[in-house]
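The structure appears right after this line, and notes come after that.
Bear in mind that the values in this text are calculations on the coordinates, not laboratory data. Predicted model only: the values in this text are computed from it and were never measured. Because the Cβ atoms are built from the backbone with ideal geometry, glycine has one as well, and the counts that use them run over all protein chains shown.
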Amino acid sequence: MRIGIVCYPTFGGSGVLATELGKALADKGHKVHFITYQQPVRLNVFNTNIFYHEVRVPTYPLFDYPPYEIALASTMVDVIMNYDLDLLHVHYAIPHASAAYMAKQIVKQKTGRVVPVITTLHGTDITLVGKDKTYEPVVTFSINESDAITAVSENLREETFKNFAITKPIEVITNFVDISRFNKKPIDAFKKVIAPNGEKIVVHASNFRKVKRVEDVIKVFYEIQKQIRAKLLMVGDGPERPAMEELARELGITDEIRFVGKQEQMEEILAVSDLFLLPSEYESFGLAALEAMAAGNIVISTNAGGLPEINIHGVTGYMANVGDVEAMSQFAISILEDEAGLERMKAAAFKQAEAFDISNIIPLYETIYKRYCRMDPCV
């Protein structure tokens, strides 16, 4: 098949999922065309079946905000017609689903051909941004005009039906992880640089937005290090980072924390860590937690959104209510103190992650593709 994938190219979950999906499809022989405004951060391999098309947005003094959606739709039309795409798979409703609808209508008018559009919903496009009255009518319309709709968790599916007048079925195809990538032997030299005295290593990774409740990460770790020799790695960047660095200084724990910025090779970091903290206000799925589990980390998370669908309380980690720093701290301390229990729980976390291996999920997308695209070329 010749598949157009439209996504955000950043470190966020939707962009990571879309890029890893495209890479896996290319490995299976499909021609995959990424359409976005810059090369996706996870698109770091050469494959003759992968193509990248940059969306160029002209700037004019007339526009305070350049019209990205129009430029995106125009690029979609160009790629569909010049590379004879069988379908478009757009990730994140805003503005990709509406731009895809526009592109679909233009191609139909020009050629008479109808190009199927599959829309995958990822989270804040539904739970936060999409509910804004400014966007809701367009979001609802463009989702309903998609040929197929998928969501990355049962929770997100329910949230979508609850908040939008969706008239079509939504299929749940969960996020996935490449077990072979994250199941790595730890590099001892790397671990000693981070924890020279054998400290436990705690990790948090996110885009440091308020919804991630990064302040709770610092507060939980503050309680952990009172009783456990530990180091914290803060992976990522975003608007909350300066305040978190200041909070670490106020608590006197800057020597125990490293803010390492955005990292592409998360598997190397997770291979040496023990515990992953994810105290988010909401996660539609929790891809970062799943990747941590695939590396043999236990997860301390909130019970928000789709997290209970992957993190099994008392088995693969622990969950607490949003904002319950005390409970998360006690869960973390109790398991880090119990070496045998820690190892059992790490093994359980890895086993749970195996159910979400990429090899189990890709065929589900291929089934949808074959259902909607032109049958003859869809091999």
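Within the same chain, lysines fewer than 8 places from residue 370 are excluded, and of the rest, those with a Cα less than 17 Å from its Cα are 28, 31. Segment 230-282 and segment 129-203 have Cα centres separated by 20 Å.
Adding -39500 (n - 2.57) for every DSSP H run of four residues or longer, then dividing by how many residues the chain holds, sets the calculated 222 nm ellipticity at -13500 deg cm²/dmol. Grouping the Cα pair distances of segment 219-349 into 10 Å bins from zero gives a pair-distance distribution of 12, 43, 39, 5 percent in increasing distance order.
Helix 93-111 axis versus longest C-alpha principal axis of the chain: approximately 20°, rounded to the nearest ten. Each peptide in 166-177, 147-158 was scored by the mean count of other Cβ atoms within 10 Å over its residues; highest first, the order is 147-158, 166-177. Each of residue 366 and residue 264 was given a label point 7 Å from its Cα along the Cα-to-Cβ line. The distance between the two points is 2.7 nm.
For the chain, a crude dipole built from +1 on the beta carbon of Lys and Arg and -1 on the beta carbon of Asp and Glu, taken about the Cα centre, is about 920 debye to the nearest 20. Hand me the tally of lysine pairs in segment 179-354: alpha carbons under 15 angstrom apart, and the pair either on different chains or 8 or more positions apart. Going through segment 179-354 pair by pair, I get 12. Across the chain, the mean sequence separation of Cα contacts (distance under 8 Å, 6 or more residues apart), normalised by length, yields a relative contact order of 14 percent.
Spacing of the modelled spin labels on residue 193 and residue 357, each 7 Å from Cα toward Cβ, amounts to 3.1 nm. In plain terms, the chain from residue 226 to residue 312 could stretch by 28.3 nm, reckoned as 0.36 nm per residue minus the Cα-Cα distance. Once Rg and the Kirkwood radius are both taken over the C-alpha atoms of segment 178-271, their ratio Rg/Rh works out to 0.97.
Put a plus charge on the Cβ of each Lys and Arg, a minus charge on the Cβ of each Asp and Glu, and nothing anywhere else: the dipole of segment 237-305 about its Cα centre is then about 60 debye.
For segment 179-209, the residues whose amide N sits under 19 Å from a probe point set 7 Å from the Cα of residue 347 along the beta carbon direction are 183-186.
Cross-link partners for residue 104 among the aspartates and glutamates, with Cα-Cα distance under 16 Å and sequence neighbours closer than 8 places in the same chain left out: 69, 78, 84, 86, 145, 147. This structure gives Rg and Dmax of the Cα atoms in Å, computed directly, and of [x] 19.5, 58; [y] 24.0, 74; [z] 21.5, 68 that value is listed as [z].
Estimated at 0.36 nm per residue, the fully extended path between residue 28 and residue 303 surpasses their Cα-Cα distance by 95.4 nm.
Considering only 321, 196, 238, and ranking their Cα positions along the charge dipole of segment 179-354 that arises from unit charges at the beta-carbon of Lys, Arg, Asp and Glu, the one farthest toward the positive end is 196. Helix 241-251 versus the longest principal axis of the chain: what is the Cα-based angle in degrees, 0 to 90, to the nearest 10? Approximately 10 degrees, to the nearest 10. Pull up the DSSP beta bridges for segment 179-354 and report the antiparallel fraction as a percent, rounded to 5. Taking every DSSP beta bridge within segment 179-354, about 0 percent pair in antiparallel fashion.
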